[in-house]
Structures are given as C-alpha cells and as structure tokens.
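For reference, the structure is listed below as structure tokens.
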Amino acid sequence: MAHASFKGLRVLSLESRRAKEVEKLIRTYGGEALVVPSMREVGLESNDEALQFAARLIAGEFDLVVFLTGVGVRALLDIVQLHFDREEFLDALRRVKIAARGAKPSTALRELKVPVHAISDEPSTWRELMSVIRETFGASLAEMRVAVQEYGASNPEFLTELSDCTAQLLKVPVYQWALPEELQPMQDCVTALAAGEINVVLFMTAVQVIHLFQVAERMGMVAQLTESLRSIVVLSIGPTTSEELAHYGIQPDFEPSRPKMGFLVNEAAQYAQRLLDEKRDKKIKGLSSGGEDLLVGEDSSEAPGVRRVALSTPTMAGFRDGLQQIDFLHEISSRIAAADSLHLVLDRIVIFISSMIPCDSCFIYVLEGDNLVMRASKNPHADLVDNVGLPIGQGVTGWVAKHRQPVALASGASNDVRFKAFKNIPEDHFEAMLCTPIICAGRVVGVITLQHRLSYKHGTNEVRLLSTLGYLVGAEIERARLESENSQLANRLETRKAVDKAKSILQRDLALSEDGAYQMMHRESRQRRKSMREIADAILLSEELRRNQPEN
C-alpha cells in the first residue's frame, strides 16, 4: 500500500501560530514546504467594552456568557484583573451559565475552576455552537441576557441568530487579527501563486483567506490570484473557511475528514497529486468517478458542493494510512511534550483517544492520595471534573487501579461483580466500558476509562492502544506532580523567608519578642483576611519605601 506523499509538490500554508509544526508535517509527507505567517494578534486600542462587561457581570446583569477562543479567555482575564479583583470576577463567571466553542476555551476555563455547561462538537463552527446552546438551555434561552467574547472579527451570522432568540446580547471584543508588520513574504506568495509556482494551498482559518486577498488587492493582483487558485489544489480546514473562500469565488477541492491540522496535511498528501493532474487535464470529474469512494460530498448551506474526505477510505485516510504507527507516536508525543498545563495536556489526550477509539465518553482519572480524581473528560461534566473522587478498589475504575489490569466489558457493565454505583458518576449509565491503568515507574498514577451507551466489543488492538497510552500519559502525570510539589516547596520557603524578615522589622521597630511579632502578624492576617505572605510582603514594602524616602 502506498504511503501518503506530496511527491515533491510545492505546498503553501499561511499558518502563524503553528508554522513550524505545519512545515515539519509537509516535509514529512514529501512536500516542498512554503510556510508564510499571514496574521498577528493585536490588542484593541480601547478595553472599555471588556471592562464594562466585567462590571455588569459582577453586578449580576448576565445569565449566559459564550467564549469562542482559549486565547480570548486569557486575554479577557488579563484586561479585567488590572481594574477589578480577579477572584471577584471569576466568582461572577461561576455564577452564570457558560458555553464554549470547542475544547480550547473550555480547557482555559476549567483551569480557572469555571464550570462549562455547553461545549460545541467538531467542527465547532458557529452553527455547532448555536445548536448546542439551543439544546442545552432550551426555552429558557429566550429570557437570558447573553455576552459573547469575540475573537479577531465579529461573526454577524452567529450574533444575529443568538440575538433573535435571547432577551439581550452584548459582544465583548478582546483582541483582533491584523496583517503581519512585514508584508513582503505575503506579497511574494501572491506573486508566486500568480506565476504558477505553487501546487497546493492549505487554508486553516477564514482570516488567512481574507488577509491573502487583502494583500493581493494592495498589489492590484486580485484577478490573477483568483485565476491561479482555481487552477491549483485548494484545501480548506472546514465549513467556515470554505464559506470565506466561496465569498471570493474559490471552490475548495475538499475538507479533511476531521477539522484538524494533522488530518488536513495527511489527506492533502494522499489526494493532491491526483487532483492537480485532473485540473491540469481540465477533467474535473470528482474522485468518486474513478471507482474509489475517497471523498464524500456534503452539500451544506455554508459551502454547497465542497467534498469532505470519508472517515475511512481504501487508502486509509487520516492516521489509518501506511504511516499509522509513526503518525500515532508523533501525534501523542507532541501532545504530551507541549509545554502546557496538565489539564490542557490531558484534554488533548482525551480528544486524541476519542478519535482513535469510537466511544461516547472518555475520562482520565489521576490518583491523588487514596482517591482517583477525574481530571479530564470528553464531555463537559463541568460539575464533575476536578471534583469527583473514587476510592481505590471500588467500582470498575477503582478495581483497575488496585489490580493494575485493564478491564473490557462488552455489555452489561452494571451487572459486573466489580461494578459499584456511585452518586453522580457517569459510568453508572453506560452499557460497555474499557478501563486501563496509567502506570509510571512501576506504580499506578491514574486510570483511563472509555464508555459506550450501547454494547461494544473492544478489539485486542484497542486494548493494547489504550494500555500504551496509559504508559505514555503516566510519565506526564508524574512530571506534573513533581513540578507541583517543587513549586509548593519553593513557595513555602519563600514565605518563611518573608515572614522571618517581617518579624525582625517588627521586633526592631516595636520592641517585640519573636513570638510577639509573629502573633501580631497572625492577628492581622485573620482580621484582614490576608495570607501571612501578603502581610509579610506589606511590611517589607513599607520598610523599603521608608529606606528610599529622602531625608530632609
């Protein structure tokens, strides 16, 4: 079976944030990579709208807040905490309903201990988000006062539809996309496209499309760009990007089977050469006419006629081609090796597992003391993640942790002798389960649990795959635990040093004993509801200001 390969085709990507990863993937699949960042994130000239939102949220004037990006969550918090108390703002968020567009904003919110009540499924366009909001909140949506965190640019279709079915709507922009400061590389792209020097273009966001045409317009080359794009292979990450291409009169050749960068590059490598040959021969008949059902047409309202790669094809699309083992190791290793928080890494692992093994739910439990604590979930479970603890040895998941053996139940999970009902634990409502231990340095550090609403027989390879993931994830969990312990120890040492210095100042200035100085600080800590570290820092700051005060 032939591996996926660009066969030396010149491939252009306009990706900015993950430019190095895209370039590496294109080269891995035998392409000549040309990666030119097409956008940069810039702050707004004024943060008045974000600050007004924060004030109104704290005052209880909203019922639902919709977050569209993880970057937007963090950017909004950075703005707000300069003018409001951080915890007061987060507490206000925890009191309202929260909806998130996909995994990234939900992960960012979870790290802040903000429950998420509705998360859109892939491809996470505004349509999926609108659908899950309607499904989750139902008739009560009509009475809700809603705020929407925007990113880059407004989405008028989403705002209009949401406004029509709610009582009040406020948009909260926190950043915007701008063209790169240096435009020459993008201008060179337009010139190369017009000259026929590019064979394949990968568009991963709608903004990339907009910015490319903006640069072409400045150069007076929109017509040449449009003509050249129609003669080469143009691929779109998903419906929103396809819709933007259609706005400029470009029909993308297909969308990947899943709206992910890895799937797009892999499937582009499989089909680009054939598509390019067809275009050159002016015989665009569609891949299905050749006898192989490689692409399936998904006529949708947003981009009629755009084909999407089938989830399973004769040439094994996605991670199922001849490079399956290499792709698998690269994908999972990159997710674990990323310099991100444990929560974000575990969320990425859950998404990856769900893409490899069909399941209705996927949970990762981390062993903390004698309990297994749920730290990641495929489904929202806002009230369960970080709050649910299972004793070792109890229930199927607890049994797996105690005996360090995987368990696969094809049906009747609740009838298994190891099963134990726990209040509010999702596994009570599923028919089939697969649980494997997460092991590091010879000891169990957690459990991965997959669940199925209907009967499902897990193959030997699926059990082995999940067990392998358990070993890989175990090292990451242990690393995070050690980092946390080191951080806590360092904080305790710094606190002790600060308290000792503050006591010495009080002993000197107030003629107190060491115990008397400590008791005074402790009393101030309780009365002001501040930590001992904060009291000590205040004393030290006062001492520094006194020393720096000029003498008269």
For residue 82 and residue 463 in one chain, what is 0.36 nm times their gap in residues minus the Cα-Cα distance, to one decimal in nm? 132.2 nm
Tabulate in residue order the Karplus-calculated ³J(HN,Hα) for the range 456-472, using 6.51 cos²θ - 1.76 cosθ + 1.60 with θ = phi - 60°, rounded to whole Hz; enter x for Gly and Pro. 8, 9, 7, x, 4, 5, 5, 5, 5, 4, 5, 5, 4, 4, x, 5, 5
Along the charge dipole of the range 437-506, which of 451, 493, 482 sits closest to the positive end, that is, farthest toward it, with unit charges on the beta carbon of Lys, Arg, Asp and Glu (+1, +1, -1, -1)? 493
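Quick one: pull the percent of accessible area on the range 1-96 belonging to carbon and sulfur, 1.4 Å probe, ligands and nucleic acids left out. Walk me through the numbers on the way to the answer.
Working: 2250 of 4760 Å².
C and S fraction of accessible area: 47 percent.
Where in the range 20-112 are there trypsin sites (Lys or Arg not before Pro) that are in a DSSP coil and have at most 15 other Cβ atoms within 10 angstrom of their Cβ? Don't skip to the answer; put the middle values down first.
Working: sites: 20, 24, 27, 40, 56, 74, 86, 94, 95, 97, 101, 110; in loops: 95, 101.
Hits after loop and neighbour filter: 95.
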Calculate the length of the line joining the C-alpha centroid of the range 130-201 to that of the range 34-85, in whole Å. 14 Å
Charge dipole (debye, nearest 20) of the range 158-251; +1 at Cβ of Lys and Arg, -1 at Cβ of Asp and Glu: 60 debye
The range 442-552 accessible area per residue, 1.4 Å probe, protein heavy atoms, integer Å², reads 69 Å²
Alpha carbon convex hull of the range 472-512, volume per residue in cubic angstrom: 31 Å³
Taking the range 446-475, which trypsin sites (Lys or Arg not before Pro) meet the DSSP loop condition and have no more than 12 other C-beta atoms within 10 Å? 453, 457
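For the cross-link pairs 104/260; 20/104; 260/378; 97/530; 24/260, which exceed 25 Å when the distance is taken from alpha carbon to alpha carbon?
Details: 104/260 13 Å; 20/104 20 Å; 260/378 17 Å; 97/530 30 Å; 24/260 15 Å.
Violating the 25 Å limit, Cα to Cα: 97/530.
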Residue by residue through the range 179-187, the couplings from Karplus 6.51 cos²θ - 1.76 cosθ + 1.60 with θ = phi - 60°, in Hz, x for Gly and Pro, are 5, x, 5, 9, 8, 4, x, 6, 5
Tell me which aspartates and glutamates have Cα within less than 14 Å of residue 7's Cα, excluding those fewer than 8 residues away on the same chain? 32, 267, 277
Range of Cα positions in the range 1-145 per principal axis (Å), largest first: 60, 36, 23
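Suppose R0 equals 60 Å. What FRET efficiency, 1/(1 + (r/R0)^6) with r the Cβ-Cβ distance, do residue 545 and residue 274 give to the nearest 0.05?
Numbers: r = 73 Å, r/R0 = 1.21.
My answer for the efficiency is 0.25.
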Let me make sure I get this right: for the range 172-227, a, b and c are the square roots of the gyration tensor eigenvalues over alpha carbons, sorted descending. Under 1.5 in a/c it's rounded, otherwise prolate if a/b > b/c, else oblate. Which is it? prolate
Accessible area of the range 118-261 with a 1.4 Å probe: how many percent of it is carbon plus sulfur? 47 percent
Could you provide, to the nearest whole Å², the per residue accessible area of the range 9-131 with probe 1.4 Å? 44 Å²
For residue 170, distant residues with modelled amide H under 5 Å away: 146, 147, 148
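May I ask you to list the trypsin sites (Lys or Arg not before Pro) in the range 480-552 that are in a DSSP loop and have at most 16 other Cβ atoms within 10 Å of their Cβ?
Here the trypsin sites (Lys or Arg not before Pro) that fit, given the DSSP loop and packing criteria, are 529, 530.
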In whole Hz and in residue order, list the ³J(HN,Hα) couplings for the range 93-105 that follow from phi through the Karplus curve 6.51 cos²θ - 1.76 cosθ + 1.60, θ = phi - 60°; x for Gly and Pro. 5, 5, 8, 10, 7, 10, 10, 9, 8, x, 6, 5, x
Amide H contacts under 5 Å for residue 368, placed H, 5+ residues apart: 373
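To the nearest 20 Debye, how big is the dipole of the range 72-112 about its Cα centre, given +1 on the beta carbon of each Lys and Arg and -1 on that of each Asp and Glu? Don't jump to the answer; show the numbers that get you there.
Details: 8 positive and 6 negative charges, 69 e Å.
For the range 72-112, the charge dipole is close to 340 debye.
The values are calculated or read from the model by the stated rules, or taken from the named source; none is laboratory data. In this text, all values refer to a predicted model and were calculated from it rather than measured experimentally. Note that each Cβ is placed from the backbone with ideal geometry, even for glycine, and that neighbours are counted across all protein chains shown. Surface accessibility is based on the protein's heavy atoms, side chains included, excluding ligands, DNA and RNA. Shrake-Rupley method; radii C 1.70, N 1.55, O 1.52, S 1.80 Å.
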